[in-house]
1. If PHE70 satisfies every condition in (1) without any contact (Cβ under 8 Å) to a residue 24 or more places away in the chain; (2) aromatic (Phe, Trp, Tyr); (3) part of a strand (DSSP E or B) but one, which is the exception?
2. How about segment 29-58: which of its residues are of a type outside the set (D, E, K, R) and more than 16 Å from the ligand (Cβ to nearest atom)?
3. Within segment 78-85, is there a residue that is surrounded by fewer than 18 Cβ atoms within 10 Å (Cβ to Cβ), within 16 Å of the ligand (Cβ to nearest atom), over 28 Å from GLU3 (Cβ atoms) and of a type outside the set (S, T, N, Q)?
4. Exactly one condition in (1) surrounded by 17 or more Cβ atoms within 10 Å (Cβ to Cβ); (2) within 11 Å of TYR88 (Cα to Cα); (3) away from the ligand (no atom under 14 Å from the Cβ); (4) among the hydrophobic types (A, V, I, L, M, F, W, C) is false for ALA2; which is it?
Amino acid sequence: MAEFHPVCRVGEIPEGQGKVVCVGKKIIAVFCENGEYHAIDDMCPHMGASLGSGAVENGVVTCPWHAWHFRIKDGTWADNPRIRIASYATRVEGDQVLVADEPTPLPPPPRPQPRRS
Ligand code: FES
């Protein structure tokens with residue numbers, strides 16, 4: 001069962017930005033958007049850039065190297081929902097933001113639609 005670890009104070013991450021944190025042996029990007037916190041793996045699966053330094057807009061972080069887009073809520077690659085990186089639950093306790101040390105289980109990827117002839 002996942003345990004939650006404090007990673008920063010509430011308000012420490014500016015709106016629309018991220019912060020890279022270590023939770024156990026994992027490197028995680030934590031983002032703040034609309035006062036909510038979201039956490040996904042920091043490493044972009046394309047060529048390894050840090051997603052935590054990417055800009056966030058409309059729930060999507062843009063990789064600073066080649067502009068791949070990932071949804072900060074669940075790590076889904078915005079251009080192909082069949083590809084995801086791990087996401088982690090967050091919670092706020094007092095003035096601390098906490099992140100789970102285990103990834104949120106992934107739902108099955110969408111099934112391809114049968115072709116109609
Ligand atoms: S390293 Fe992220 S898009 Fe290339």
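1. (1)
2. Taking segment 29-58 and keeping what is of a type outside the set (D, E, K, R), we get 29-32, 34-35, 37-40, 43-56, 58.
Matches in segment 29-58: VAL30, CYS32, ASN34, GLY35, TYR37, HIS38, ALA39, ASN58.
3. Yes - at least one qualifying residue is present in segment 78-85.
4. Exception for ALA2: condition (1).
Taken together, the values in this text are just the output of simple stated rules run on the coordinates, not laboratory data. Not measured: the values here are computed from a predicted model. Here Cβ is always computed from backbone atoms with ideal geometry, including for glycine, and neighbour counts include all displayed protein chains.
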